[in-house]
1. Can you check what the net charge comes to around Cys161, using other residues whose Cβ is under 11 Å from the Cβ of Cys161 (Lys, Arg +1; Asp, Glu -1)?
2. Give, in whole angstrom and from largest to smallest, the semi-axes √(5λ) of the equivalent ellipsoid of the stretch 142-263, with λ running over the eigenvalues of the Cα gyration tensor.
3. Rounded to whole Hz and in sequence order, give me ³J(HN,Hα) for the stretch 266-280 from the Karplus expression 6.51 cos²θ - 1.76 cosθ + 1.60, θ = phi - 60°, writing x for Gly and Pro.
4. Taking the number of other C-beta atoms within 10 Å as the exposure measure, put Cys226, Cys144, Cys201 in order starting with the fewest.
5. Report the Stokes-Einstein translational diffusion coefficient (µm² s⁻¹, integer) for the chain, Rh taken as the Kirkwood radius over Cα pairs, at 20 °C with viscosity 1.002 mPa s.
6. Determine, for Met133, Met203, the number of other Cβ atoms within 10 Å of each Cβ, and report the residues in order from fewest to most.
7. Using only the Cα atoms of the stretch 1-133, what do you get for the radius of gyration and for Dmax, in Å?
8. With θ set to phi - 60° and the Karplus curve 6.51 cos²θ - 1.76 cosθ + 1.60, what are the ³J(HN,Hα) couplings of the stretch 193-204 in order, to the nearest whole Hz, using x for Gly and Pro?
Amino acid sequence: MTASTDSNLQELGRQRPEWEPWLAVIEEVLNETADAQWDALVPAGIESRESKIPLLAGATITLEPDSLRRWTERLLRTASRSGTEKMAALKPALQAPSDILALFKASLCQDSDRLNEIAAAVGADPEAFQAVMTLAPVPFLHACNRRWTHAIAPSWAEGYCPVCGAWPAFAEVRGIERNRYFRCGRCASGWQLYCLICPYCGMTDHNELVTMVPEQGGTSRVIEACKRCLGYVKSFTTLQGSPAAKVMLDDLASVDLDVAALDHGYRRPPAPGYSLDVTLVEKPAEKSSFWRG
Ligand SMILES: [Zn+2]
Ligand SMILES: [Zn+2]
């Protein structure tokens with residue numbers, strides 16, 4: 001994690017001391033995300049696509065189960081230690097399930113039904129389990145984004161992430177040109193949009209798109225919502241795009257906008273923008289540990 005990300009995290013902790021437990025989990029993820037060793041796991045031979053299919057879709061990923069288990073258990077341990085009742089209910093899951101690749105695949109593909117099944121099988125609170133497991137593939141996804149930034153087709157015009165298929169966490173309106181980008185909260189990729197558009201249903205009619213400005217904080221942070229599908233996106237005016245490591249923190253720091261959007265009857269779709277189908281292949285353990293234990 002860079003010094004600036006670290007100070008962003010500390011600043012967030014000062015502003016919202018009640019978030020300290022969850023920020024400890026985020027810190028663990030950001031530290032791991034900075035580890036370049038994940039780059040070696042990014043599937044090779046992925047090329048720019050002109051289609052609507054994210055780069056990760058259909059990929060074969062080779063992972064070492066023991067290392068993956070250590071990382072997953074470290075994440076669950078950090079969350080369960082965090083002191084909240086919900087997260088303490090993760091304790092039964094501290095021994096990650098035997099089929100660690102199936103768990104990783106469900107997290108990677110945002111397969112919430114499968115994650116709920118696994119949570120039930122290990123006896124963990126499903127909501128807490130899902131919240132933590134959503135973060136497990138983040139270091140891998142950031143590595144994919146680092147490697148594939150140049151493979152994102154400039155013509156990509158979908159509402160979902162061109163790398164991992166997730167819906168955007170927020171939009172950035174950058175610089176004096178006011179270019180619009182969506183940012184992915186999982187892999188941190190950014191993709192430019194050429195008009196005001198609802199990412200979920202593709203609506204571009206200005207009469208159907210509303211902008212809500214919060215009472216405090218000016219017009220640099222707004223909610224853009226769609227009257228047709230009732231989806232919303234947070235939108236931030238900024239000089240330049242946030243660094244990859246800060247995307248997750250920007251999303252978290254603006255949770256007041258999510259609350260306001262929900263209060264007005266808007267929501268984010270529960271299912272991912274694109275259902276990834278990936279094949280996970282087991283790599284035999286090597287003597288030297290790949291991830292920290
Ligand atoms: Zn993504
Ligand atoms: Zn819409």
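Read the figures in this text as sums done on the coordinates, not as results from a lab. The structure displayed is predicted, hence computed values, not measured ones. Using ideal geometry, Cβ is built from the backbone for each residue, glycine included, and neighbour counts are taken over all protein chains shown.
1. Once positives and negatives cancel, what remains is +1.
2. Those come to 22, 17, 13 Å.
3. Per-residue couplings from phi come out as 9, 8, 9, x, x, 7, x, x, 9, 7, 6, 10, 10, 10, 9 Hz.
4. Fewest-to-most Cβ neighbours within 10 Å comes out as Cys201, Cys226, Cys144.
5. So the translational diffusion coefficient is about 108 µm²/s.
6. So the residues, fewest neighbours to most, are Met203, Met133.
7. 16.4, 47
8. 10, 9, 7, 6, 8, 6, x, 7, 10, x, 4, 10
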